[in-house]
1. Please find, among 152, 138, the residue that is without any contact (Cβ under 8 Å) to a residue 60 or more places away in the chain, assigned to a loop (DSSP other than H, G, I, E, B) and either within 30 Å of residue 23 (Cβ to Cβ) or in contact with a helix residue (DSSP H, G or I) (Cβ under 9 Å, 6 or more places away or on another chain) (or both).
2. If you go through region 253-280 one residue at a time, how many are part of a loop (DSSP other than H, G, I, E, B) and in contact (Cβ under 8 Å) with a residue 12 or more places away in the chain?
3. Given 245, 250, which one is buried (at least 16 other Cβ atoms within 10 Å of the Cβ), part of a loop (DSSP other than H, G, I, E, B) and in contact (Cβ under 8 Å) with a residue 60 or more places away in the chain?
4. What is the number of the single condition among (1) on the phi < 0 side of the Ramachandran plot; (2) modelled with pLDDT of 80 or more that residue 571 does not meet?
5. Kindly establish whether residue 4 is closer than 30 Å to residue 212 by Cα and in contact with a strand residue (DSSP E or B) (Cβ under 9 Å, 6 or more places away or on another chain).
6. Please go through region 1-56 and pick out each residue that is assigned to a helix (DSSP H, G or I) and not assigned by TED's automatic domain parsing to the domain that holds residue 158.
7. Of the residues 125, 106, only one is in contact (Cβ under 8 Å) with a residue 40 or more places away in the chain and outside the structural domain of residue 200 (by TED's automatic domain parsing); which?
């Protein structure tokens, strides 16, 4: 079978099961064999019955010592019981509605059972275990992979399908890593690693299979980022902006003092702008740390050196907000700022396009509209993109191509741990604004359970009566917009018609038209709405200084980075602000995360903790960056592999930047396949 062949034609699948596999994102044979386990059960080491602990899952080897007993209950339930013993004790095995198992057991034979143990009042039981007869190892006696599932697809079913898929490709996967890398780093071949990540004989084998696959993922990513960096500087000198244009002219005109961190970052940017290298800088800082003013001061330097500047924001309302800030600071210096967004009149848009091409506009603030082909600058020198993870690597290069060797600043309010920054932004230098302005009040954060519902609602009423506004955020139930919308609508109904009848309550969610979202956010900003119910679409931000309260429903479903971003929507004005995290469940991870949110407002601390607690799989969806998700690699655990990979990648880039050497051609093919439609080498 070819790797791109539809999985429907694999043995054991067929038309019914293919629909379930498709829900999991498995469409081809390649999707199937790279659908890796999320966990493993060690069913290889048997325990003695006397050593079993209540609540644990364990493997025992035992002989039946009673007949197979079926009890019929009133509700048509059949409870099946069997006593089994080893040389240390006896345990009762229980199954439900499986009387057909009666013929599976013989009294003088040994069987392996694996299941959950319960110890109550001196009786030890094991509920619904899997089992094997002597000398069999279908369900026990080995490490068993555990996969993420969907309704109606069992672990056994999926395991069998994956095993069939692996048999179909056995030994036929193409090796993309050059021999010298496999040898130097003692890595498994691709065929062996792919089989053993699913069905390892022991955890040592799993470790080596995982090492190989993580190494490959990190290497292809690193080579791509190296290539982007190499292409952006190779053979090009950047613009050298005028040394006589001083950023201090603007800094001294401001009605407030910049923080030490802002001044340090401006020095880094100033140095880059005056040098002949092309600036590619990531500017990261917490919500409210003052990134926008840094962009404004950089724009001053570019414009007064004879160039135009463009800043791209993810939404019209955010672009409009930026325009106000730019105008306030730069217009007194004779700098002309304009807005370009999709919902403008045709006439206004044409007028801007003409002025831009003539050089009559110095600073253009806009949305994705800036990327359109007919938007032409006379002399673009500096590009700023806001909230980078809403755009993507490719869009960054489209806007940069509208000028010649332009300098680029990418702003993000998601503080990124250094390790993750090295990967996601490997083609950028990183600047961090790691302190907040001194007048920012700490947002008081409380984690509470449902039992506090009435008190929270009373607190919301108190805040609104004092003239403040409130956000209520409910989670994405799953990647399903209909359910998502439904959960918002149910909440809106309860809050609007039962709980907060005296207030103006509105809602906003992902699938609404952008125009509707912008309108509601504008009304909220203008104080026409008291309580805004929303999904995480409000995460990227509109400045509403009057909003002082953020209530997050089911806070346990969000990552720490997202909770912190949401919390940053309040505390933007003069009023003391609050964030209430309503959570369910008491697992260690949930309690740890709630504690972190209550203990600190520092986005950098939070992002490190988030990475530690969740890994990078869903640390803020690398998909949003135009980069694929890691299926195996986890940057928190794999920092040592990453360091090795960076040494290899840097050596390859130095010696063969376009990967044209024979030994690197397969690597190039893999990178282009993984990043297809985004970027090609």
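The values are calculated or read from the model by the stated rules, or taken from the named source; none is laboratory data. A quick note: this is a predicted structure, and the numbers were derived from the prediction, not measured. Heads up, the Cβs are rebuilt from the backbone with ideal geometry, glycines too, and the neighbour counts pull from every protein chain shown.
1. Values: 152 fails: without any contact (Cβ under 8 Å) to a residue 60 or more places away in the chain.
None of the other options fit; the residue is 138.
2. Total satisfying the criteria: 10.
3. Among 245, 250, only 245 is buried (at least 16 other Cβ atoms within 10 Å of the Cβ), part of a loop (DSSP other than H, G, I, E, B) and in contact (Cβ under 8 Å) with a residue 60 or more places away in the chain.
4. Every condition holds for residue 571 apart from (1).
5. Values: closer than 30 Å to residue 212 by Cα: yes; in contact with a strand residue (DSSP E or B) (Cβ under 9 Å, 6 or more places away or on another chain): yes.
Yes: the conditions hold for residue 4.
6. Listed by number, the residues that qualify are 49, 50, 51.
7. Working: 125 fails: in contact (Cβ under 8 Å) with a residue 40 or more places away in the chain.
It is 106.
Per-residue answers, yes or no, for (1) at pLDDT below 85; (2) assigned to a strand (DSSP E or B); (3) within 30 Å of residue 150 (Cα to Cα):
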site	(1), (2), (3)
58	no, yes, yes
61	no, yes, no
70	no, yes, no
74	yes, no, no
85	no, yes, no
95	no, yes, yes
114	no, yes, yes
124	no, yes, no
